[in-house]
Amino acid sequence: MTDDIARGLEGVTVAETRLSSIDGEAGELTIGGFPLPELAGNATFEETVFLLREDRLPDADEFESIRADLASRRDVEPETLETLRAAAEDGLPAMDALRMGVAAATLGGEASTAGDPADDALTAVAVMPTLVAAYWRYHEGDEPVAPREDLGHAANYLHMLNDEEPDEARVRGLETYLNSVVDHGLNASTFTARCIASTESDVVSAVTGAVGALKGPLHGGAPGPVLDMLLDVHESGDPEAAVRDRLEAGERLMGFGHRVYEVRDPRAAVLSDAAESFYGDAGDADFFESAREAERVGVEALAEHKPGRRLETNVEFYTAVLLHGIGVPRELFTATFGVARVGGWTAHCLEQLADNRIIRPRARYVGETNRTWVPVSER
């Protein structure tokens, strides 16, 4: 009998958290007590990290303190940079490089496997953009750009990627994205981080495991294929025909449907607004309008092809639109997801450790029993 087994732990509640709450039926996401639209477009990422750690927004002095603290932790050791260089030269994807880089983040730095978990958590948040940007610079045949302590978290990430001063519109767009995806319940990577933390391992190990989970295409890998689809649709000059042709050909429409949300993903709504604002300011709204038309047609066409199912846009759809617009390379979409989600991972690790019990579910044995040993000469 397997009817009492919760495959994938679906529907099983295993922890209490104050970090985020999901209402899949209403399409609502709450982060640290704030409805997502209230937080994402207003907060800096530093404020969101503080909120998840302290359960409140920082005052002016505390904001300057966490901003300076994170900025002071951005550098990584030469040995770590050499690992990233080797990964780029070997043609490894960004998520492989990020996994290696995070695992090496304790080399000569502030973090330590014997250190304070709250301190290690800040270091993990601080170094993620440095690791991703350094890998990308090597990938493109350039040398890494040193982090700047005078820039905020989002602005510094863009600076290290492009070696130029980021404009306000790009920074705000990225800031909104980072806040929108910083935490989302017990998703696969967050649960992985909490499992590792529950063994009282170090936070850097937990983040390394979470990166490995995020690498999986069923979790963090969709925005890149969404962008490929949207670029094809845009270049066709006829979004409606292009979307319907893909569906008629049996191809999947990327960026639609979500395991949790029965309606439009609330993060899609926030990122759609952010993209509309960015593309409007940039004076290049054609691609955004094409994407919005693809969304409209996609929802209609899916309702026709799959009646009874509500397959509306998810977070990956407008992640692709927004990150593409602000200049984040397609190859870095999932890694940039990690740059955001590490704020949630580390907060979950600290929450787990504050009231810890090792996570140890059971599995039902369905194999053979009562076997008899036979020497190899008689098999």
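The values are calculated or read from the model by the stated rules, or taken from the named source; none is laboratory data. Keep in mind that what you see is a predicted model, and the values were worked out from it rather than measured. Every residue, glycine as well, gets a Cβ built from its backbone with ideal geometry; the counts of neighbours run over all protein chains shown. Note: accessible area is taken over every heavy atom of the protein model, side chains too, but ligands, DNA and RNA are not part of it. Shrake-Rupley method; radii C 1.70, N 1.55, O 1.52, S 1.80 Å.
Taking the numbered list (1) outside the structural domain of L350 (by the TED database); (2) small (G, A, S); (3) in contact (Cβ under 8 Å) with a residue 40 or more places away in the chain in turn, S72 passes all entries but (1). In a residue-by-residue description of the stretch 259-272, the property of being outside any loop (DSSP other than H, G, I, E, B), over 16 Å from D228 (Cβ atoms) and without any contact (Cβ under 8 Å) to a residue 40 or more places away in the chain applies to no position.
Taken over the stretch 296-312, the criterion of being open to solvent by less than 20 Å² (accessible area, probe 1.4 Å) and either out of contact with any Ser or Thr (no Cβ under 9 Å at 6 or more places or on another chain) or of a type in the set (D, E) (or both) is satisfied by V297, A301, L302. Taken over the stretch 288-319, the criterion of being under 16 Å from H258 (Cα atoms) and of a type in the set (A, V, I, L, M) is satisfied by V299, L302, A303, L311, V315. For the stretch 310-327, filtering for residues that are under 12 Å from L230 (Cβ atoms) and hydrophobic (A, V, I, L, M, F, W, C) leaves 5. Of everything in the stretch 313-359, what is within 21 Å of T199 (Cα to Cα), in contact with a Pro (Cβ under 7 Å, 6 or more places away or on another chain) and open to solvent by 10 Å² or more (accessible area, probe 1.4 Å)? Give them in sequence order. Of everything in the stretch 313-359, those that are within 21 Å of T199 (Cα to Cα), in contact with a Pro (Cβ under 7 Å, 6 or more places away or on another chain) and open to solvent by 10 Å² or more (accessible area, probe 1.4 Å) turn out to be L350, L353.
Number of residues in the stretch 187-211 that are buried (at least 18 other Cβ atoms within 10 Å of the Cβ) and either among the β-branched types (V, I, T) or within 13 Å of the chain's Cα centre (by Cα) (or both): the value is 11.
Among the helices (runs of 4 or more DSSP H) confined to the stretch 33-113, the ones with at least 2 residues that are among the acidic types (D, E) are located at 45-54, 60-72, 78-89.
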